[in-house]
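Inspection log for the structure reproduced underneath, given as structure tokens.
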Amino acid sequence: MPSKSKILLIYTGGTIGMKKDFQTGALKAFNFSKLLQRVPELKLLDCEIETISFDNPIDSSNMDPENWVQIATIIEDNYESFDGFVVLHGSDTMSYSASALSFMLENVSKPVIFTGSQLPIGDLRTDAKENLITAIQIASLRENGKPVISEVCLYFEYKLYRGNRTTKINAEHFNAFGSPNYPFLIESGVHLKVNLELRLPLISNMNLKVHKNFDTNVVIVKMFPGISETVLSAIIAIPNLKGIVLETYGAGNAPTEDWFLDLLSEAVKKGLYIVNVTQCSGGSVHMGQYETSTGLKKIGVISGKDITTEAAITKLMYLLAQNIDPAEFKTIFETSLRGEIV
């Protein structure tokens, strides 16, 4: 008889792990080691569950690369002892963290699933229990002794998505996340519907390699009608700035004014990496499709293709810390490393 899957639950903070103080009405973290007492349904799952919590759980608005390293290190230290990992995380920056971890965990061959909730786990109408229970169930899924999912994912409101393809789309609805350019991997209903052909292939012959360095000398600039030369030149002149994620219009379009292209051209020549992503909720950058993006292509701006802004900025921070030859950086960024781009 096969042994039960062992799942490690990692609590970083967020609404899912909160309980309401009935005297003040404020939300505060509860003792996560007593999770089974609050969610007795977990005992019905066909797996063994252990929990570990940040010493000081944080609101996800305070999430930063140091915390990403903390999550990755917990996974690294426990990698051989568990079959899967579920990371409980606040929803506000969950897509950033899931994207970052996807780049950090090279050759991952086990499921790492982020989840959370819009309401606390003790709330009468909470979405926390379903998200938690199903995320654990998916993390424990095995097929012929091998994990069904072997990548960094995000589970929320009946859907499992590739983590680096997600973005938060709603602050109030239970359906808080979307994956505009890549279909869901699993849908939860009466049964779990698994889209086998959409998963990343299992890497079984290489050891996990954990990357723990990020270069945060980056910025996101969203184009808008009326953006001025003064503003853009001030951003480009930020000391030690190394990369810009430029959110452009439509399929990667931007102004064709001389000052705009000249500014970016000089920045690229000086070694600044500029990544073109669309500010649309879905779709892809196609530089050169319109005259308004041809100039960007000519000066060496990197195409983000159909990448999300969250994945673009974390990939940029990750690659900048890898000391990549400048002649190769553009090609590597435009190449899919973890299924984050077409």
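Just checking, does the stretch 150-166 include any residue being assigned to a loop (DSSP other than H, G, I, E, B), touching a residue at least 60 places away in the same chain (Cβ under 8 Å) and within 16 Å of F85 (Cα to Cα)?
Yes, that holds for at least one residue.
Yes or no: the stretch 141-152 includes at least one residue that is under 22 Å from G13 (Cβ atoms) and touching a helix residue (DSSP H, G or I) at 6+ places or on another chain (Cβ under 8 Å).
For the stretch 141-152, residues under 22 Å from G13 (Cβ atoms) and touching a helix residue (DSSP H, G or I) at 6+ places or on another chain (Cβ under 8 Å): present.
Against the conditions (1) under 21 Å from Y79 (Cα atoms); (2) hydroxyl-bearing (S, T, Y); (3) outside the structural domain of F114 (by TED's automatic domain parsing), where does S228 fall short? Just the number, please.
Here S228 meets the rest and fails (1).
Restricting to the stretch 114-131, name every residue that is part of a loop (DSSP other than H, G, I, E, B), small (G, A, S) and closer than 18 Å to T93 by Cα.
G116, S117
Can you name the condition, by its number, that S336 falls short on among (1) in a loop (DSSP other than H, G, I, E, B); (2) loosely packed, with under 15 Cβ neighbours inside 10 Å; (3) in contact (Cβ under 8 Å) with a residue 12 or more places away in the chain?
It is condition (3) that S336 fails.
Could you check how many residues of the stretch 4-55 are modelled with pLDDT of 80 or more, part of a loop (DSSP other than H, G, I, E, B) and more than 14 Å from V87 (Cα to Cα)?
Looking only at that region, the number is 5.
Name the pairs whose Cβ atoms lie under 7 Å apart, with the first residue in the stretch 275-291 and without any contact (Cβ under 8 Å) to a residue 24 or more places away in the chain and in the same structural domain as L316 (by TED's automatic domain parsing), the second surrounded by fewer than 23 Cβ atoms within 10 Å (Cβ to Cβ) and not acidic (D, E), and 6 or more positions between them or separate chains?
Going by the 7 Å Cβ cut-off, the qualifying pairs are G288/T294; G288/K297.
Could you identify the single residue in S99, S61 that is within 15 Å of the chain's Cα centre (by Cα) and either without any contact (Cβ under 8 Å) to a residue 12 or more places away in the chain or surrounded by 19 or more Cβ atoms within 10 Å (Cβ to Cβ) (or both)?
S99
Take E310 and decide whether it is crowded, with 24+ Cβ neighbours inside 10 Å and among the charged types (D, E, K, R).
When the stated conditions are applied, E310 passes them.
Need pairs with beta-carbon distance below 6 Å; first residue in contact (Cβ under 8 Å) with a residue 24 or more places away in the chain and within the stretch 244-255, second of a type in the set (F, W, Y); sequence gap 6+ or separate chains.
Cβ pairs passing all conditions: N253/Y290.
Given the criteria crowded, with 23+ Cβ neighbours inside 10 Å, β-branched (V, I, T) and within 25 Å of D77 (Cα to Cα), does V152 qualify?
It is true that V152 is crowded, with 23+ Cβ neighbours inside 10 Å, β-branched (V, I, T) and within 25 Å of D77 (Cα to Cα).
Do we find that T134 is outside any loop (DSSP other than H, G, I, E, B), at negative phi, of a type outside the set (D, E) and surrounded by fewer than 24 Cβ atoms within 10 Å (Cβ to Cβ) in this structure?
Considered against the rule, which asks whether it is outside any loop (DSSP other than H, G, I, E, B), at negative phi, of a type outside the set (D, E) and surrounded by fewer than 24 Cβ atoms within 10 Å (Cβ to Cβ), T134 comes out as yes.
For the stretch 251-268, check the following and say yes or no: at least one residue is buried (at least 20 other Cβ atoms within 10 Å of the Cβ) and under 27 Å from E151 (Cα atoms).
Scanning the stretch 251-268 turns up no residue that is buried (at least 20 other Cβ atoms within 10 Å of the Cβ) and under 27 Å from E151 (Cα atoms).
Would you mention how many residues in the stretch 197-212 are in contact (Cβ under 8 Å) with a residue 40 or more places away in the chain and not in a loop (DSSP other than H, G, I, E, B)?
Residues that pass the stated criteria total 2.
Which residue, of V245, V277, V268, is in contact with a helix residue (DSSP H, G or I) (Cβ under 7 Å, 6 or more places away or on another chain) and over 30 Å from I74 (Cβ atoms)?
V277
Within the stretch 87-143, count every residue that is over 18 Å from T51 (Cα atoms), β-branched (V, I, T) and out of contact with any Pro (no Cβ under 7 Å at 6 or more places or on another chain).
Summing the residues that are over 18 Å from T51 (Cα atoms), β-branched (V, I, T) and out of contact with any Pro (no Cβ under 7 Å at 6 or more places or on another chain) in the stretch 87-143 gives 2.
Of all residues in the stretch 313-333, which are in contact (Cβ under 8 Å) with a residue 24 or more places away in the chain, farther than 12 Å from D215 by Cα and surrounded by 14 or more Cβ atoms within 10 Å (Cβ to Cβ)?
F329, K330, F333
Has the stretch 218-226 got any residue that is in contact with an Asp or Glu (Cβ under 9 Å, 6 or more places away or on another chain), at pLDDT below 95 and not small (G, A, S)?
No: the stretch 218-226 contains no residue that is in contact with an Asp or Glu (Cβ under 9 Å, 6 or more places away or on another chain), at pLDDT below 95 and not small (G, A, S).
The values are calculated or read from the model by the stated rules, or taken from the named source; none is laboratory data. Because the structure is a prediction, the values reported are computed rather than measured. Neighbour counts run over all protein chains shown; Cβ positions are idealised from the backbone, glycine included.
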